[in-house]
Amino acid sequence: FSLGEDLEAVAAEPLQELLALLDGFCIEAKGPEVVQKMFEGFANHQAAAETVRGVLEKYLSNERPFAGSIEKKQPYDQLLLEIISQGKDDLEKVLFMIAAHNKMASRNETVMAILREMVAAEGSGMSCMYVPDMREEEMDGGVHQKVVEMSQLPSTAAVAGHYGNVRYLAQQLLDVLPQETYAQRLGGLQSQLRALEDKAWSSNSEMPGAVEGNLEVELLVDALYDSDAKVQKGAIQSYLHWLAAPSRLSDVVIQEKSALWTQFFPVSREKTHQRHGLMALLPEVQQLESGLEELLPQLVTLQGGKTSVPLNFLHVVLGKDAFPSVTDRTLFYNTDDEMKRVIKQSQDIFAKKSELLKAAGVGEISLVLPQPPRHPRFVKFVLDEQEEWSEQEMGRDMWPSFAGMLELGALKRICTLQRIHKEVRPTSHIYLATQPVVGGKSA
């Protein structure tokens, strides 16, 4: 007997393997591996939502009687008699139900893998892969309901089962899930910025923009273009505070389309090296060249004709949305293709304006590409050995000051760095560092 090519192809699909595993069958791959393949294969939001909802319901429908018996402290043999009595008209179904339950360890592991995928995506308030958006109204009775039910499974182990780990992960997912919409979060930040006193700027106290240690960059970037002048000024102040940290700021001049400042590390006066910065707020990449011509002379004046090592910063924020043509924001990396185009355009403009940048003492350029409601994209340009502007790939999608503070450049000189696990989340960067081979062995 042969299944035939078509049926064999269907059986090989991750979803089919996953459903077989939840039915208690043995499959070649482990549950988490199958889950990862399934998430990678989702074509769109609707497919992800429907699939995950169905898989979680399959698990729950089999486990509800067992979980309920634990809550009622019902003896296990009495539970089995009750299940058999209720299913006497279809004893084969009862047999499969109990057989699947007896594979609880592998089934729990599989469901936990699904929850981990969702926790990783929602942990910072933004999905970086296809997962159900549980904030949408149509999901209230779907995925969200299943996760809530899992969070209420019994916490104590018993003969009828042990659901503690599944319950814990479901609760963790509900904890990290944003409880407010993007608009509500932005409104909260705007209120904080309106209440910001001018003296807060000089007090070195923590500025708005961070919640429980997480910098909400997507909200700050949005507020940089706010129509309310007070909100915009407060957003620029807060943004520069976080951008320059741990350096101190002085001589800050804020204008409608730009900000100029001086920064230095809080060390003794004789060791202080002052660096000047210019932030340009430009609506689109097409205005980058004219914007540099208009705004860079401010930095040239501060530089005062000095020809020392270029230490100054240029920080360009391209509009409230740098990718208006990309409507699907389900994936953080959906803007990759458009981003390549913007990088190429920007690099050409920087090359064209190299003399002006040199006169301004610029040694580092950061390009911020907002993509609300997701975390913005970041691109960093530095002067290479030929003194041409090129992207520092290690700084891709990394908060501009981190590459320097973490001394990743120094690490790269002594190790070969390979970025791994790109899909964890855009705010996490994991690298494999390999030292060069010395004497036939890796150092």
Consider I27 against the criteria (1) under 30 Å from Q86 (Cβ atoms); (2) surrounded by 21 or more Cβ atoms within 10 Å (Cβ to Cβ); (3) not charged (D, E, K, R): it satisfies all of them except one. Which criterion is unmet? (2)
Got at least one residue in the range 304-312 being modelled with pLDDT under 95, outside any helix (DSSP H, G or I) and in contact with an Asp or Glu (Cβ under 6 Å, 6 or more places away or on another chain)? no
So, of the residues in the range 233-246 that are open to solvent by 30 Å² or more (accessible area, probe 1.4 Å) and not charged (D, E, K, R), which turns out to be farthest from L369 (Cα to Cα)? P246
Count - residues of the range 325-369 that are open to solvent by 30 Å² or more (accessible area, probe 1.4 Å) and closer than 14 Å to V285 by Cα: 8
Failed criterion for E289 (all others in (1) in contact with a helix residue (DSSP H, G or I) (Cβ under 8 Å, 6 or more places away or on another chain); (2) part of a helix (DSSP H, G or I); (3) among the charged types (D, E, K, R); (4) farther than 27 Å from Q232 by Cβ hold): (4)
Condition check for Q418: without any contact (Cβ under 8 Å) to a residue 24 or more places away in the chain, in contact with a strand residue (DSSP E or B) (Cβ under 6 Å, 6 or more places away or on another chain) and closer than 14 Å to H429 by Cα: yes
Are any residues in the range 313-332 touching a strand residue (DSSP E or B) at 6+ places or on another chain (Cβ under 9 Å), under 19 Å from V342 (Cα atoms) and modelled with pLDDT of 85 or more, and if so, which ones? L314, H315, V316, V317, L318, G319, K320, D321, A322, F323, V326
Looking only at the range 225-258, and only at residues there that are in a loop (DSSP other than H, G, I, E, B) and either within 21 Å of R275 (Cβ to Cβ) or within 21 Å of the chain's Cα centre (by Cα) (or both), the one that is modelled with the highest pLDDT: Q255
Qualifying residues in the range 31-49 (those that are surrounded by 14 or more Cβ atoms within 10 Å (Cβ to Cβ) and among the charged types (D, E, K, R)) - the one farthest from S155 (Cα to Cα): K37
Where residues in the range 56-100 are among the acidic types (D, E) and touching a residue at least 60 places away in the same chain (Cβ under 8 Å), which of them is least open to solvent (accessible area, probe 1.4 Å)? E63
L295: among the aliphatic types (A, V, I, L, M), in a helix (DSSP H, G or I) and either surrounded by 11 or more Cβ atoms within 10 Å (Cβ to Cβ) or modelled with pLDDT under 80 (or both), yes or no? yes
All but one of (1) within 29 Å of the chain's Cα centre (by Cα); (2) charged (D, E, K, R); (3) part of a helix (DSSP H, G or I) hold for R329; which doesn't? (3)
Give me the pairs: first residue in the range 370-382 and closer than 11 Å to M339 by Cβ and open to solvent by less than 20 Å² (accessible area, probe 1.4 Å), second residue part of a strand (DSSP E or B) and acidic (D, E), beta-carbon distance under 9 Å, and six or more apart or on different chains, which are they? V379/E391
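The values are calculated or read from the model by the stated rules, or taken from the named source; none is laboratory data. All of these numbers come straight from a predicted model, not from anything done at the bench. Here the Cβ is made from the backbone with ideal geometry for all residues, glycine too, and neighbour counts use every protein chain on show. SASA here: full protein model, heavy atoms, side chains in, ligands and nucleic acids out. Shrake-Rupley method; radii C 1.70, N 1.55, O 1.52, S 1.80 Å.
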